[in-house]
Each structure stands twice: as structure tokens, then as C-alpha cells.
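Worksheet: one structure, shown below.
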Amino acid sequence: MSERSLSIGWDCDDVLIPFIYPAVEHYNLTYNADVDVAHFYDGPEHWGVDDLSIAAGRVQVYMRDKIVNSPQDFINPNPDAVEVVHSLSRVHRQFIITGRSDFMQPMTNEMVDTHFADKFYKIIHTNHFDEHISRTKGSVCLEESADVLVDDGLLHCESAVEEGEVEVALLLDEPWNRDRTLHPKIIRCANLWVVREEIQKIARS
């Protein structure tokens with residue numbers, strides 16, 4: 001059975017590149033904290049601070065330090081992601097839609113140029129943690145006429161199906177996205193190979 005070509009939006013951190021686990025490990029060691037990855041997107045009480053902006057600032061310092069001292073951590077993706085994206089590119093149009101801030105653009109571009117050359121037609125940073133310039137992933141999906149979003153953030157998947165009008169959002173299973181019942185158009189995927197299978201099913205439907 002032939003497959004129709006889909007427009008697929010890919011999140012970056014914790015879908016293509018590991019981020020939350022090393023970030024939380026660094027945070028706990030540096031600030032003598034006990035943050036659980038399951039609460040990465042939760043309130044300040046989970047970060048041992050009075051204001052969440054304090055924790056967010058600390059994570060941003062970590063990211064800026066990585067850019068200077070260990071840039072390879074933001075350039076070398078999960079090998080499974082490379083294989084899956086490359087295989088899907090034979091049929092589908094793909095783009096990156098990441099919540100990263102604009103200052104991360106050089107790292108994102110270098111990762112794509114090194115490991116995903118000609119596999120993504122566009123890279124979009126939504127500045128999720130900057131309320132003054134942030135965009136929802138749903139608004140971007142609508143603008144790009146995306147059929148599918150692949151993300152580890154439940155909030156982003158909900159935005160994609162409710163605002164972005166995607167056919168399906170594929171939620172990569174992680175401890176930080178298991179706290180709510182899923183929208184009927186959100187499918188939880190155990191790994192990237194399941195993501196590929198689901199995309200192939202959608203393309204054949």
C-alpha cells in the first residue's frame with residue numbers, strides 16, 4: 001500500500017537530543033537539590049525555590065555553559081532519531097519545532113547540518129520559556145499545515161491537536177508526561193521506532 005506524504009513537526013530536546021535527565025542531574029549536584037525528572041515542568045516547590053524563574057534561570061545558565069564548554073551535548077543526537085528521521089524523509093516533509101530560546105539557534109543548526117542534512121525543510125524556535133516572545137506549537141503547526149507532531153511535552157501535543165489541527169500528536173513516553181488522561185488524537189509511543197510505525201499507519205490511512 002502506498003503512503004501519502006505527511007508534514008511532520010519534530011521536537012528537539014528529549015526527542016532528538018537528550019536534555020532533561022542530564023540537566024536535572026547537573027541541577028541537583030550544583031544546588032544540592034532533589035528534583036525528580038517527573039516534575040521538570042511543575043512548580044517551584046519541586047525545584048526547592050520560591051519562584052520558578054530562579055530555577056529556570058539556573059537551567060539557562062547550564063545550557064549557556066554547555067554551549068561554551070560541551071557543545072557536542074547539543075549537537076550529537078540519539079542514534080535512533082537519526083535513523084528514524086532519515087528513513088521517513090524518503091516519503092515525508094519534516095521540520096523542527098523546538099521550545100528552545102533563540103540563543104540556541106547556532107547549536108540547533110549545527111546539529112541539523114551535521115546529522116540531518118537536507119532532512120528538515122525548516123527549523124523553528126518557539127522560545128517557550130520567554131513569555132514575551134513565545135509561540136505555541138499549535139500555532140506553528142497550523143501555520144505549517146502540519147499533519148503530525150512528535151513531542152515529549154504533553155502541553156505541546158495538546159496545543160497541536162486543539163489549536164494546530166494536526167491529525168495526530170505522537171507523545172514520546174517519559175515520566176514528565178504521564179500525569180493526565182490523553183486527548184483522543186494523542187498517541188503515547190514507547191520509543192522512536194513506535195513513532196515511525198504510527199507515522200506509517202497514518203500515511204497509509
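Every number in this text was worked out from the coordinates using simple rules, so none of it is lab data. Remember, it's a predicted structure, so these values are computed and weren't measured experimentally. Here the Cβ is made from the backbone with ideal geometry for all residues, glycine too, and neighbour counts use every protein chain on show.
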**OP:** Multiply the residue gap between residue 105 and residue 33 by 0.36 nm, knock off their C-alpha separation, and tell me the result in nm, one decimal place.
**Re:** 23.0 nm
Subject >> Local net charge near residue 205, Cβ-Cβ under 12 Å (Lys/Arg +1, Asp/Glu -1) >> reply: -1
**OP:** Indicate the helices, whole DSSP H runs only, in the chain that combine a mean Kyte-Doolittle hydropathy of 0.5 or more with a Cα extent along their long axis of 24 angstrom or more.
**Re:** none
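Which whole-number percent is the relative contact order of the chain (Cα, under 8 Å, 6+ apart)?
On the way: 336 pairs, mean separation 49.2, N = 205.
Over the chain, the number comes to 24 percent.
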Original post:
Which Cα, out of 105, 183, 121, lies furthest along the positive dipole direction of the chain (beta carbon charges, K/R +1, D/E -1)?
Top reply: 121
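Nearest 20 debye, what's the magnitude of the dipole of the stretch 51-93 about its Cα centre given +1 on Lys and Arg Cβ and -1 on Asp and Glu Cβ?
That gives a dipole near 180 debye.
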**OP:** Using the charge dipole of the chain (Lys, Arg: +1 at Cβ; Asp, Glu: -1 at Cβ; taken about the Cα centre), state which of 150, 69, 7 has its Cα farthest towards the positive end.
**Re:** 7
**OP:** At 7 Å along the Cα-to-beta-carbon direction for both residue 118 and residue 197, put a label point, then send me their distance in nm to one decimal.
**Re:** 3.1 nm
Original post:
If you plug each phi of the stretch 140-149 into the Karplus form 6.51 cos²θ - 1.76 cosθ + 1.60 with θ = phi - 60°, what whole-Hz ³J(HN,Hα) values come out, in order, with x for Gly and Pro?
Top reply: 5, 4, 5, 4, 8, 6, 5, 8, 9, 10
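Between residue 182 and residue 167, what length in nm is gained on full extension when 0.36 nm per residue of separation is reduced by their alpha carbon distance? Spell out each step's value before the answer.
Details: separation 15, 0.36 × 15 = 5.40 nm, distance 1.46 nm.
Fully extending the segment from residue 182 to residue 167 adds 3.9 nm.
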Original post:
Hey, got the dipole for the chain? About the Cα centre, +1 on K and R Cβ, -1 on D and E Cβ, debye to the nearest 20?
Top reply: 700 debye
**OP:** Determine which lysines satisfy two conditions relative to residue 201: a Cα distance under 20 Å, and not lying fewer than 8 residues away in the same chain.
**Re:** 185
**OP:** Using label points projected 7 Å from each Cα along Cα→Cβ, tell me how many nm separate residue 72 and residue 134, to one decimal.
**Re:** 3.3 nm
**OP:** Would you mind counting up the charge near residue 143? Only other residues with Cβ under 13 Å from its Cβ, with Lys and Arg at +1 and Asp and Glu at -1.
**Re:** 0
Subject >> Prolate/oblate/rounded label for the stretch 38-183 (Cα gyration tensor, a/c 1.5) >> reply: oblate
